[in-house]
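The values are calculated or read from the model by the stated rules, or taken from the named source; none is laboratory data. Owing to the predicted nature of the structure, the values given are computational and were not obtained by experimental measurement. Please note: Cβ atoms are built from the backbone with ideal geometry, for glycine as well, and neighbour counts cover all protein chains shown. Each accessible area value is taken on the protein alone, full model and side chains, heavy atoms only, with ligands, DNA and RNA left out. Shrake-Rupley method; radii C 1.70, N 1.55, O 1.52, S 1.80 Å.
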Amino acid sequence: MADAPRILEINGPIAVVHLPGARNGEQIRVGNAGLVGEIIELDGPQATAQIYESTEGLRPGEPVAALGHPLSVELGPGLLGSLFDGVQRPLAGMLRASGDRIARGLDLPILDRQKPWHFIPDADLQPGATLRGGERLGMVQETPSISHQILAPPDVAGQLLDLAPEGDYTLEQVIAHVRQGADGAMRRLSLYQRWPVRTPRPYQRRDHAVLPLLTGQRILDTFFPLLKGGKAAVPGPFGAGKTMLQQQIVRWCNAQIVIYVGCGERGNELVDVLETLPRLTDPHNGRPLMERTLMVANTSNMPVVAREASIYVGITMAEYFRDQGYDVVMVADSTSRWAEALREVSARLGQMPAEEGYPAYLASRLSAFYERAGRVRTLSGQFGSISLIGAVSPPGGDFSEPVTNHTKDAIQTFWALSKELADARHYPAVDWSESFSGQIGAAAQWWTENVDARWEGRRAEALALLSQAEELARIVNLVGVEALSSTQRWDLEGAALVREGVLQQSALDEVDSYCSPQKQFLLLNCMLDIVHSGADMLALGVPVQRLLKLPLLAQARRYKSQYANDQLQALQRDAAQALRAALDPLRSEYVAAQNPPAEPQPAP
Amino acid sequence: MKEKEFRTASAARGGLLFMQNTPGVALGDRVRLQDYRGQIRNGQVIRSSDDLVLIQVFEGTDDLDLEHTWVRFLDQPFEVPLSPELLGRVFNGVGLPLDGRPPLISPLRRNVQGAPVNPAARAYPREFIQTGISTIDGLNSLVRGQKLPIFSGAGLPHNRLAAQIVRQASLPGEESNFAVVFAAMGVPHTDARFFQDDFEQSGVLTNVVMLMNLASDPPIERLILPRTALTVAEYLAFDLDLHVLVVLSDMTLYAEALREVAMAKGDVPTRKGYPGYLYSDLAEIYERAGRIRDKRGSVTLVPVVSMPSDDLTHPIPDLTGYITEGQIVLSRELHSQGIYPPVAVLPSLSRLMKDGIGADYTRDDHPRVASQLFAAYARALEVRNLAAIIGADELSGADRQYLEFTRAFEERFVRQGEDENRTLADTLAIAWEVLSVLPASALTRLREEDLAKYHRPAEISAPGAEP
C-alpha cells in the first residue's frame, strides 16, 4: 500500500503526489472528488501537479490516478456557438449538471455525442488512396455560413480502407478506416479528433499575410492596421476601454471564425458578450454573429490553473479552424492574467523569481504563444490564418512592466490605450503617439486597390498633423493660445477635427459602431479637405478667428453618426456642399477686396 | 479525526500555527484551538501534508504557547449558519454574535468560500439604481448586481458617501425589497459607530447585517470576514429574493492582512510585498456580486478602497479596478474646496452604465448628456490649468466660457447636500442647466434634437464677448 499513488501535500492549487512513472504534462485525477490536474514537475517517484479546480477539502493520503494523456481538446462539429471553461468543459452542460454554481470533479463530454451531423465525403477520395495527415475527408455544414471541413488528424498516414457515404453520423461513429505504419495498424477516424493544447498543430509552410483584418474601427483600420495572420497587443490601464475595444473587434471584424478567450476577466462583462452576440448580425454576410463565434471563459474567480490553460485551449481550437482554410481571429483578454497565473504557480513551487516575481520563462512562453498566430498553407493545401489579439493589463498602466515589454517584442501591431484619453471619454482611447503597426506597406496595397490610392498619404498627413498639434498644445499650455500664429491655431483646430471627427468612435451609437473602409476614408478625407481649404483661406488673409467660428466645424464632427455606411454618396455630396457654403462667401469677400492688406499679424 | 485533539504544534508566528504529525487533514478544514487559559480560537487549514499542517488562526497567535495549545480538526469546511434571523444582527468575522444576543442556530449552513457562479448562469445587470447623487446617477450610474468601489484616501468622506448611497439607493418606481450587509475590516471604532448610528437614524437597521472587525481586533480575522459577509449576502439575495447592497470597508486593510499572512508563510512577494495571488484572491471576493438568471435578488457590491498616499496605481486600487466594473474616485482637491461629495469626475467610471441608462431605463438623452459633460469637463480642466499659468484675462472668449462651465459644474452639479436626494430628472435638469453655459457649437456629442429640446443658453448670461 505504501507505493499506491496518493496525495502527499496540498498547497493552494498545487498538490504533491506519489505517482511513479508519471510523465510531465500528463493529466491526472486527484482525491476522492476526482479533481483534474496536470503534472508539472517530477522528482523521483514524486510528482508536482497543478489542479484545475478548487482543492479545498483534499487530504493527504487520498488516491491519485494518471490519465495517460496530456491536456487535450476535442475538435469537431459542435464547437461553434459554444461556451467552454478554461479546460474546455462545456459551461452550458455544467449548468445542467450542477446548477448555478460550478461543481467540482464533473466528468462531461465536451462535444455532443448524440447529435447527428450530415457528413458529405470528398468525392475525389477513393478507398485505396494514400491518406496523409491533415487531408480533407469531407465536410459537415455546421451553420449556414460555416462548412466544417472534416480533416484527417495530422498524425495519420496510410492507406484509406473505406470512407463512409453521405449521411447522418454522430461523433462516435466511425467514418473511415486507415491502415498505417510498418505494422499496418488499423486507425478508425470519426468526425472529431483530439489534440494536445501545448503542441502547435502542424502545417506545410508559413506564408505572408496580405489582407487587412478590418474591424470597422477607424483608429485601428486606418491608422494602425493589423493583417489577417498578424499579432497585436492591446495594453491599457483599467478603465481605458480595453474590453470594449476587444468586444468591438469580436463583433465586427471580417474574419470567418472568432474565438474569444476571457482569461481571468469579469463575469458580468462576459455575460454582456453572451447576451449581445446572439442579437447581432455579421455585417459581412448578414448571418447571426453567434454562428461564427466560440468562447472560452475562465472568469477571475474561477480556479487560477485553468486560467493558465485557457489561452492554449483557445489557440488550439483556432489552429483547427485555420487548418480548414479559415481566417480566424482569436482575442485573449487578458494575457496579463495568464502571466499572473504562471507567476502564482511558479511562486507556490518556490521557483526563483526573475522580474517582479514572474518566472524566468515568462518571455519564452509568451513569444511561443504569439508565434502560433500567422497565415499558413495548411496540410490540405489551403490557406488559413490566425490573427491573435492579446490584451495586456499593465499594473498601474505602466508599460515598462515585464508582460507589456515582452509582449511588445512578440507582436507587430501595438494598440496602446491611454488613461488620459479615456478620462476625457475619447473612445476608442487608442493613443496615436504610442501605438504602431508594422504592416502599413501590405495594408496600403489593399487600400489602394480597394478603396482609394490616396490612403497612405492621407493617413501619414493626419498622423503628422496630430503629432504637430501635440507640440503646439505643449506651447499653449505654457503661454496660451494667443501666442500661436494663425496657421498654428488652424493646425490645432485641424487636429481636433481629425480627433473628434475621425478617431473618436462610439461603440454605442448604432450608426457609428461599425464604419466601412470606404466611409473611414471618406471621413478622413472630409476633415483633411476642411483643414486644407481653411489654410487656403488664411493665405487669402481671412482671420483665423472667423474660421474657428464656422458652424461647419461642429457639423463635420457629426458626419460619422449622421451618415450610415450605405449613405456615402450623400455624405460626399453634403460634405462638399457644406464646405463650399461655409467658405465661398469668405473667399469672395477677401478676393473681392482685390488688394488685400498684407496678412495681419496675429494678435500678441 | 473530529474526536482527537492534538498538542503537536511546532511553531507559531504571524498568525500561523504549524502542526506536526497530524496526518490526513483536509485543506480548508475548520479548526478549533484551545489555548493554555482554556480560551477557544478559530482557525483554518491553509496547507496540508502528512508531516506538516499550517493553520491560520483568526484570533491571531499572540499569547499562544506550543506546549499547551490543543488543536481539534473539525472535519468540516468553514461554514456559517444562515436564516432570516440574520437581519438586524451584528457578528464578528467568523460569525459569532457581537450584539450580546445568542448565536444564530440554523440547519442551513454554507461554506464561506462559496463556489464560482457558472458564467452561463449569470444574468447581465441592467437595472438602474437611483442613488440620488448626481455624480453617480448622471455620470457613473450604478446598476443592480454591479461592483462599484469607492477609491478614497485618508480623511476623505468615503464613509459619508457610502452611508448616503445606502440610505438613498432605490429603484425608481419599485417597492423596495432590500437588505444591506455591512462588513467592516480594520476600521476605527468611530467609523463603525457612524454607520451604526446612520442606519439607526434612517430606520433601516432591521434590514442590515453587520460584520465587524475593528482596528483593534486581530487582523487575520479580516481574511475570512468578507467571505462570511458575501455568503450572507448571497443567501439573502438568492434564497430570500432580496436586493442586497454590500459595503466592504476597507479592502486595503483586508489586503494588508493578506500580506501579513503571506509573509509569515514565506510566499514570494511581488509588488509592494503583496503575494502573487492577490488578484485571484480579490477576484474571489468581488466576483461574488451579480445576478443569477431565474433568481429575483441581486448582490450589489460597494467596496471602499483607501489609496495609500492617494496613489491610484497602488496594487490594491489597481487590481481592484481591473476586477470591478468601474470606480468612484474621490478627489482631495474638491474636498479641500469644500465640495461634497468630492467625486473626481474624470477618473470615475461605471462600466455597466451603458446598458442601464437611455430611453428604456432612464431617459433618452442621458448617455449623450453624460458623454458631453465628461468631454466638456475634461476640456474645462485644461483651460483652468492654463488660466492658472497665464491668468484668466488672457483666455479667449471660448475658453472663458469653459472656465465658467467648470464653476457651474462643480458648484451646481457635483456639490450637493448629504441628505439631498435628487431624482434622475433633477440631475438631468441640472446637467442641462450647466451645459447651457456653453454654446451649442461646443456640444458636439449631443444630437441636434437634444439641443433643441433642452439647451437654453439664454437662461444664463454668457460671460465675456469676443476680445
Checklist entry - Going 7 Å from the Cα of A:Glu470 toward and past its Cβ, which residues in the stretch A:224-246 have a backbone nitrogen under 17 Å from where you end up? => result A:224-225, A:235-237
Checklist entry - When ligands, DNA and RNA are left out and all protein chains stay put, how many square angstrom of accessible area per residue does chain B have with a 1.4 Å probe? => result 36
Next on the checklist: What distance in nm separates the two pseudo spin-label positions at B:Phe18 and A:Ala593, each 7 Å out from Cα along the beta-carbon direction?
Outcome noted: 8.8
Checklist entry - Classify the stretch B:81-353: rounded, prolate or oblate, from the alpha-carbon gyration tensor (a ≥ b ≥ c, eigenvalue square roots; a/c under 1.5 rounded; otherwise prolate if a/b is larger than b/c)? => result rounded
Next on the checklist: At 1.4 Å probe size, with the rest of the protein present, what percent of the exposed accessible area of the protein assembly as shown is carbon and sulfur atoms?
Outcome noted: 51
Checklist entry - Out of residues 5 or more away from A:Val174 or on other chains, whose amide H comes under 5 Å of its own, with H placed 1.01 Å from N in the peptide plane? => result none
Checklist entry - Using 0.36 nm per residue, how much length does the chain from A:Ser561 to A:Ala103 gain when fully extended, once their Cα-Cα distance is taken away? => result 160.2 nm
Next on the checklist: Suppose R0 equals 25 Å. What FRET efficiency, 1/(1 + (r/R0)^6) with r the Cβ-Cβ distance, do B:Arg407 and A:Asn477 give to the nearest 0.05?
Outcome noted: 0.75
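Over the stretch B:366-459, calculate the relative contact order: mean separation of alpha carbon pairs under 8 Å at least 6 apart, over the residue count, as a percent.
So the answer I get is 36 percent.
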Item to check | Packing rank of B:320-330, B:407-417, where each peptide gets the mean count of other beta carbons within 10 Å, highest leading | outcome: B:320-330, B:407-417
Checklist entry - Quick one: if the Förster radius is 25 Å, what FRET efficiency do B:Ile339 and A:Ala535 give, using the C-beta to C-beta distance and rounding to 0.05? => result 0.05
Checklist entry - Is the stretch A:241-395 best put as rounded, prolate or oblate by its Cα gyration tensor, with a ≥ b ≥ c the root eigenvalues, rounded for a/c under 1.5, and otherwise prolate when a/b is larger than b/c, oblate when not? => result oblate
Checklist entry - Mind checking the mean number of beta-carbon atoms from other chains within 10 Å of the Cβ atoms in A:116-127? => result 0
Checklist entry - With the contact rule set at Cα under 8 Å and sequence spacing of 6 or more, what percent relative contact order holds for chain A? => result 12
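Quick one: buried accessible area between B and A, total over both chains, 1.4 angstrom probe, nearest 100 Å²?
On the way: alone 19900 and 25270 Å², together 38700 Å².
What B and A bury together is about 6500 Å².
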Checklist entry - If you project the alpha carbons of the protein assembly as shown onto their three principal axes, what span does each projection cover, largest first, in Å? => result 108, 85, 51
Item to check | Förster-model FRET efficiency, 45 Å R0, A:Lys549 and B:Ser170, C-beta, rounded to 0.05 | outcome: 0.45
Item to check | Accessible area (Å², per residue) of the stretch A:6-70, counting only protein heavy atoms and a probe of 1.4 Å | outcome: 35
Item to check | Per-residue HN-Hα couplings for the stretch B:233-250 [Karplus 6.51, -1.76, 1.60; θ = phi - 60°; Hz; x = Gly/Pro] | outcome: 4, 4, 5, 4, 7, 9, 9, 9, 6, 8, 8, 9, 10, 10, 10, 10, 9, 10
Next on the checklist: If I model a spin label at A:Glu420 and A:Val511 as a point 7 Å from the Cα along the Cα→Cβ vector, what separation in nanometres do I get?
Outcome noted: 3.1
Next on the checklist: Taking a ≥ b ≥ c as the square roots of the Cα gyration tensor eigenvalues, with a/c under 1.5 meaning rounded and otherwise prolate when a/b beats b/c, else oblate, which class fits the stretch A:38-100?
Outcome noted: oblate
Checklist entry - For the protein assembly as shown, what is the mean residue ellipticity at 222 nm derived from helices alone (per DSSP H run of n ≥ 4: -39500 (n - 2.57); sum divided by total residues; nearest 500 deg cm²/dmol)? => result -10000 deg cm²/dmol
Checklist entry - With the contact rule set at Cα under 8 Å and sequence spacing of 6 or more, what percent relative contact order holds for the stretch B:185-315? => result 29
Checklist entry - Looking only at other chains, what is the average number of their beta-carbon atoms within 10 angstrom of each beta-carbon in B:27-33? => result 3
Item to check | For residues of A:55-66, the mean tally of beta carbons on other chains within 10 Å | outcome: 5
Checklist entry - Within the stretch B:221-240, whose backbone N sits under 17 Å from a point 7 Å along Cα→Cβ of B:Arg296? => result B:234-240
Next on the checklist: Can you tell me which aspartates and glutamates have their Cα less than 18 Å from the Cα of B:Lys295? Leave out same-chain residues fewer than eight positions away.
Outcome noted: A:Asp100, A:Asp272, A:Glu275, B:Glu127, B:Glu174, B:Glu175, B:Glu234, B:Asp239, B:Asp241, B:Glu287
Next on the checklist: Give me, ordered by chain and number, the residues 5 or more places off B:Ala11 or on other chains with an amide H under 5 Å from its own placed amide H.
Outcome noted: B:Phe18
Item to check | Chain lengthening between B:His189 and B:Ala440 when straightened (0.36 nm per residue, less Cα-Cα) | outcome: 85.2 nm
Item to check | Built amide H within the under 5 Å cut-off of B:Val187, gap 5+ | outcome: B:Asn213, B:Ala215, B:Asp250
Next on the checklist: Can you compute 3J(HN,Hα) from phi for each residue in the stretch B:180-186, using the Karplus curve 6.51 cos²θ - 1.76 cosθ + 1.60 with θ = phi - 60°, rounded to whole Hz and x for Gly and Pro?
Outcome noted: 10, 10, 10, 10, 9, 10, x
Item to check | Accessible area of the stretch A:205-440 divided out per residue, in Å², using a probe of 1.4 angstrom | outcome: 24
Next on the checklist: Which order do the peptides B:285-292, A:344-351, A:415-422 come out in when sorted by mean C-beta neighbours inside 10 angstrom, highest first?
Outcome noted: B:285-292, A:415-422, A:344-351
Next on the checklist: Explain nothing, just compute: Karplus ³J(HN,Hα) = 6.51 cos²θ - 1.76 cosθ + 1.60, θ = phi - 60°, for every residue of the stretch A:156-168 in order, whole Hz, x for Gly and Pro.
Outcome noted: 9, 7, x, 9, 6, 8, 7, 9, 5, x, 4, x, 8
Item to check | Exposure of A:Leu42 as accessible area (Å², to 10), given a probe of 1.4 Å and all protein chains | outcome: 80
